[in-house]
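Peer 1: Dropping the structure in here first, questions after.
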Amino acid sequence: MKMLKSMLFIPGDSEKKMIKGNGSNADALILDLEDSVASDRTALARDMVRDYLRSHADRGRQELWVRINPLSTDKALPDLAAIVAGAPDGIMLPKSGSAADVIALDHYLSALEQREGVAVGSIRILPVATETPGALFTLNSYQGASARLAALTWGAEDLAAAMGAASNRLENGEYEFTYLLARSLCLAAAHAAGVQAIDTVTTDFRNTDKLIAEVRASRRAGFTGKMAIHPDQVDPINRGYVPDEAEIAHARAVIHAMQNAPGTGTVQLNGQMIDKPHLVQAQRVLASAGLRE
Ligand code: COA
Ligand code: MG
């Protein structure tokens, strides 16, 4: 399955932004039917999203995902009934409560794929897994929940609203502990389930330096992609999830050191102990840069 580094949100009722998104290097667009669309434009957005999907059937360069409304609302099923005919690559499921929501969505998709002549099982699922307080206690449920599960991501805005928080930030601008916890749990849950961990949006989209620093930290932590809300964020995200030259050089040095010491599990490199986990990390760095050992 293709790794998605950058996923760009597009309000589902904005033709202009669809065109702009198509011209960007985003690995995927997320055509939104949820919070970025005003309620009185939901029906219009469903039609626009389906038409866009149908007229962009070649997804080789850019996948097309749809964020539907939460399953707890009466909008979710009409969203799905309208857009499955366009064969989206995947569905982003906001405010997912647990794997039970993914399993329900899996069943809805199977029925609708069958009805629409879309290959059954082809549409993948990306839950936003930390948007409700209760969801934080269910993150381990996603392991093995559905063959459609492609990734997990997290959100801090709706979670703060649901907690009655005045803000999800400390006075110094860093996330308050609860949101760092949500992020870490999402990261671990994604790796436990063997799917991609996708980092949440950076909302102050004019601050490119901050974005670059966040992406770097995100990749170092084990996320392999990130959502964007503005096209200017796409290229820094794409660049940021590829290791830089210093990291590649270090990875090569680790592998070299291990290869030069057959029969021993641990060696030293520049005064640091190196053993099996470091070798695994080094191999992953080269693989994520598309390089061979
Ligand atoms: N996708 C595609 N194009 C976008 C875009 C997006 N997410 N965000 C902005 N653009 C386009 C604008 O239409 C504008 O196009 P133009 O040059 O042809 O006029 C250009 O990029 C520059 O936009 P800019 O003026 O910098 O921002 P804005 O004020 O138009 O839009 C937002 C700011 C936040 C409203 C906009 O970025 C947006 O809608 N983001 C997505 C919101 C969303 O989907 N949220 C849900 C998930 S959290
Ligand atoms: Mg939201």
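The values are calculated or read from the model by the stated rules, or taken from the named source; none is laboratory data. Keep in mind that this is a model prediction, so the values were computed, not measured. When we count neighbours, we look across all protein chains shown, and the Cβ atoms used for this are built from the backbone with ideal geometry, even at glycine. Just so you know, the surface numbers come from the protein's heavy atoms only, side chains and all, with ligands and any DNA or RNA stripped out. Shrake-Rupley method; radii C 1.70, N 1.55, O 1.52, S 1.80 Å.
Peer 1: Looking at region 7-33, I want the residues that are open to solvent by 60 Å² or more (accessible area, probe 1.4 Å) and have a partner that is of a type outside the set (S, T, N, Q) with Cβ atoms under 7 Å, at least 6 apart or on another chain. Which pairs are those?
Peer 2: Listed pairs, sorted by first residue: 15/48; 17/10; 17/11; 20/231; 25/234; 25/235.
Peer 1: Take region 61-98 and flag every residue that is among the small types (Gly, Ala, Ser) and open to solvent by 10 Å² or more (accessible area, probe 1.4 Å).
Peer 2: Listed by number, the residues that qualify are 72, 81, 82, 85, 87, 97, 98.
Peer 1: I'm checking my understanding of the structure. Among residues of region 91-106 that are closer than 21 Å to residue 78 by Cα and in a loop (DSSP other than H, G, I, E, B), which one is farthest from ligand 2 (Cβ to nearest atom)?
Peer 2: Out of the qualifying residues, it is 97.
Peer 1: Among the residues of region 107-133, which ones are more than 16 Å from ligand 2 (Cβ to nearest atom) and either β-branched (Val, Ile, Thr) or open to solvent by less than 30 Å² (accessible area, probe 1.4 Å) (or both)?
Peer 2: Hits for region 107-133 are 109, 112, 113, 118, 120, 123, 125.
Peer 1: Next question. Among the residues of region 98-113, is any closer than 25 Å to residue 225 by Cα, modelled with pLDDT of 95 or more, hydrophobic (A, V, I, L, M, F, W, C) and touching an Asp or Glu at 6+ places or on another chain (Cβ under 8 Å)?
Peer 2: So far as region 98-113 goes, no, none of its residues is closer than 25 Å to residue 225 by Cα, modelled with pLDDT of 95 or more, hydrophobic (A, V, I, L, M, F, W, C) and touching an Asp or Glu at 6+ places or on another chain (Cβ under 8 Å).
Peer 1: Checking residue 164 against (1) within 16 Å of ligand 1 (Cβ to nearest atom); (2) small (Gly, Ala, Ser); (3) free of Cβ contacts under 8 Å to residues at least 12 places away in the same chain, which test does it fail?
Peer 2: All conditions are met except number (1).
Peer 1: I want to confirm something. Restricting to region 141-160 and keeping residues that are touching an Asp or Glu at 6+ places or on another chain (Cβ under 9 Å) and either open to solvent by 70 Å² or more (accessible area, probe 1.4 Å) or free of Cβ contacts under 8 Å to residues at least 40 places away in the same chain (or both), which single residue is nearest to ligand 2 (Cβ to nearest atom)?
Peer 2: The qualifying residue nearest to ligand 2 (Cβ to nearest atom) is 157.
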